[in-house]
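Peer 1: Provided herewith is a single structure, encoded as structure tokens, for subsequent inquiry.
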Amino acid sequence: SVLEDLTISAWKVGFLGTAETVGAVAEVLSDYPDVPLVTYVPNLSWIDDEDAAQSYHDALRELVLPQTEVLVGTQKTLTDFLLPEWDAERPPSARELAVAAAEHGTSYVLVTGVQLPNNFIDNVLASPQGAITGEKYERFDAAFVGAGDTLSAALATLLASGQELHIAVS
């Protein structure tokens, strides 16, 4: 009932726990087809039940990705999620990940943690046509959790405020 009283300008979806929850959230999202959706895909290697993780990913691919404007995740996580059979010696490019995401209905990917030479990393926004923008950072040694959730939430907030996608990513 809260959604009936508010104007929704953007959605951000992170880890939803189970395939059943993904289905329930996807049903709500389907009532707002014109509202941009930013979906963050975390690394699920910590889940012990491989069947549950696979069911979760399958539900996310089938129910949420078709509604997603921007899919956010690390290069490794998005590779595992979108291109599980990838066996090339090099990781897929942001464009290759965007092509794979587009096969599920997603317009863009924001690939984080792309390894560059000389101890730099890049975050790249891409569509199936190629890279749109990127932000290069010097890598530093630190352990942290939640940066992808924070980044995707900030992106959704900026899109909700009317920013153009490439500016919001910057």
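Peer 1: Provide the net charge surrounding His57, with neighbours chosen by a C-beta distance below 12 Å and charges set as Lys +1, Arg +1, Asp -1, Glu -1.
Peer 2: -4
Peer 1: With a point put 7 Å past each Cα toward its Cβ, work out how far Ala147 is from Ala131 in nm, to one decimal.
Peer 2: 1.8
Peer 1: Follow-up. Once fully extended, how much extra length lies between Ala52 and Phe120, figured as 0.36 nm per residue of separation less the alpha-carbon to alpha-carbon distance?
Peer 2: In short, 21.0 nm is gained.
Peer 1: Please check: in the Gaussian network model of the chain (C-alpha springs, under 10 Å), which one of Asp149, Asp87, Asp34 has the largest mean-square fluctuation.
Peer 2: Asp87
Peer 1: Students sometimes get this wrong: rank Thr39, Thr112 by accessible area, probe 1.4 Å, all chains present, largest first.
Peer 2: Output order, biggest surface exposure first: Thr112, Thr39.
Peer 1: Same structure again: With springs only between Cα atoms under 10 Å apart, run a GNM on the chain and tell me which of Leu63, Leu116, Leu82 wobbles the most.
Peer 2: Leu116
Peer 1: OK, next. Can you pull the accessible area of Asp5 for me, 1.4 Å probe, Å² to the nearest 10?
Peer 2: 130
Peer 1: OK, next. For a quick protection proxy, order the peptides 50-58, 92-100, 121-129 by their average other-Cβ count within 10 Å, most packed first.
Peer 2: 92-100, 121-129, 50-58
Peer 1: Would you mind listing how long region 51-170 runs along its three principal axes, going by Cα atoms, in whole Å with the largest first?
Peer 2: That gives 39, 36, 30 Å along the principal axes, largest extent first.
Peer 1: Run the accessible area of the chain with a 1.4 Å probe and give the carbon-and-sulfur part as a rounded percent.
Peer 2: That share works out to 51 percent.
Peer 1: If you filter region 103-170 for chymotrypsin sites (Phe, Trp or Tyr not before Pro), then keep DSSP loop positions with at most 15 other Cβ within 10 Å, what is left?
Peer 2: When the chymotrypsin sites (Phe, Trp or Tyr not before Pro) of region 103-170 are filtered for loop state and at most 15 Cβ neighbours within 10 Å, Phe140, Phe144 remain.
Peer 1: Right, next: Once the whole set of protein chains is in place, how much accessible area is left on Trp86, using a 1.4 Å probe, in Å² to the nearest 10?
Peer 2: Answer for Trp86: close to 80 Å² accessible.
Peer 1: At q = 0.14, 0.24 Å⁻¹, what base-10 log of I(q)/I(0) does the Debye formula yield for region 72-135 when every alpha carbon is treated as an equal point scatterer in vacuo?
Peer 2: So the normalised log intensities work out to -0.34, -0.98.
Peer 1: For the chain, what does the accessible surface come to per residue with a 1.4 Å probe? Please give it in Å².
Peer 2: About 57 Å² of surface per residue is accessible.
Peer 1: What per residue convex hull volume, in Å³, comes out for region 1-119 when only alpha-carbon positions are used?
Peer 2: 126
Peer 1: Then there is this: Using a ≥ b ≥ c from the Cα gyration tensor of region 1-46 (square roots of the eigenvalues), is it rounded, prolate or oblate, where a/c under 1.5 gives rounded and otherwise the larger of a/b and b/c decides, a/b for prolate?
Peer 2: Since a/c reaches 1.5 and a/b is larger than b/c, the shape of region 1-46 is classed as prolate.
Peer 1: So if I average 1/r over every pair of distinct C-alpha atoms in region 29-88 and take the inverse, what Kirkwood radius in Å does that give?
Peer 2: 12.6
Peer 1: Only Cα pairs within less than 10 Å get springs; with that Gaussian network setup on the chain, which residue of Ala131, Ala24, Ala153 has the largest fluctuation?
Peer 2: Ala24
The values are calculated or read from the model by the stated rules, or taken from the named source; none is laboratory data. Computed from a predicted structure; not experimentally measured. Here the Cβ is made from the backbone with ideal geometry for all residues, glycine too, and neighbour counts use every protein chain on show. Heads up: the accessible areas ignore ligands, DNA and RNA and are worked out on the full protein's heavy atoms, side chains in. Shrake-Rupley method; radii C 1.70, N 1.55, O 1.52, S 1.80 Å.
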